[in-house]
1. Given labels modelled 7 Å from the Cα in the Cβ direction, how far is it in nm from ASP217 to GLN162?
2. What is the fewest-to-most order of LEU127, LEU168 by other Cβ atoms lying within 10 Å of their Cβ?
3. For a quick check: sort LYS188, LYS182 by the number of other beta carbons within 10 angstrom, fewest at the front.
4. Subtract the Cα-Cα distance of PHE84 and TYR99 from 0.36 nm times their separation in residues, and report this length gain in nm to one decimal.
5. Determine the distance separating the Cα centre of segment 162-201 from the Cα centre of segment 101-127; give it in Å without decimals.
6. Multiplying the sequence separation of ARG119 and LEU150 by 0.36 nm and subtracting their Cα-Cα distance, what value in nm do you get?
7. What length, rounded to one decimal in nm, is gained on full extension from LYS178 through to GLN135, with 0.36 nm per residue of separation minus their alpha-carbon distance?
Amino acid sequence: MIKISYLCYKNKNPKSQFSLTKSIMKRLLVSVLTCVFTLGIQAQNIDTNEDNQVVEAIVDSINNVSEPEQIVQNVIVVEKTVRFGYLSYNAVIQQMSEYSEAMSTIAQLRVAYEEELRRGEENFTKLFSEYIDGQQSFPENILLKRQKELQQSMDESIQFKQEARALLEKREREVMDKLHNKLAGVLKQIGTERRYAFIINTDGDIYPFVNPEMGEDLTQEVMFRLRGGME
């Protein structure tokens, strides 16, 4: 928001002084606003036509002052409407075909890992049962051998469980990173085309309220483009 104030004071020759003041103020305001809006255009790609209208409105407001005797104080507030988009990343990603396919593959891997873990647990239970049954009759060297087998089976089961969990988490991260990168590319394209200041991800209750009159819900447009469509 840019605020500009100007004052014209009564003096001994109000008419001539007021006329001069108006002329100077018009030139000064136009120069200042031109510089300000030029910087704004370079920084935020603001519409030049819109800026010209603002400058013309300011000049008109000075011209419309008809009483040179009165003390004139006008505060002109120029509001540049901030345009932005918003959407839920999670809601969009979960509708992507790649997400469903990836989650299906990960679910199959999880089932396979769980089956292997179950087989390892059954093997450990069997070895432990045999050890208990033969504890009173096995010679010492056999008992030591069975103890080592039990320990090895337990260590292998724990190691496999940790590796399986790590591999599943890695696979999920890779899938989500890929989907996020694809989504980010589409959002960048839309944001550039529509000249948004920013795009909000509404996940996580970080933004409990977004005014729909000031922002635009991009969910449908993003899904359309992700499916291969264009605006």
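Rule-based calculations on the coordinates, nothing more; no lab input. Note that the coordinates shown come from a computational prediction; the quantities given were computed from them, not determined experimentally. Neighbour counts run over all protein chains shown; Cβ positions are idealised from the backbone, glycine included.
1. Computed distance between label sites ASP217 and GLN162 equals 4.7 nm.
2. Going from least to most buried by this count: LEU168, LEU127.
3. Lowest to highest Cβ neighbour count: LYS188, LYS182.
4. Difference between extended and current length: 2.8 nm.
5. Centre-to-centre (Cα) distance: 29 Å.
6. Residue separation times 0.36 nm, minus the Cα-Cα distance, leaves 9.7 nm.
7. 10.0 nm
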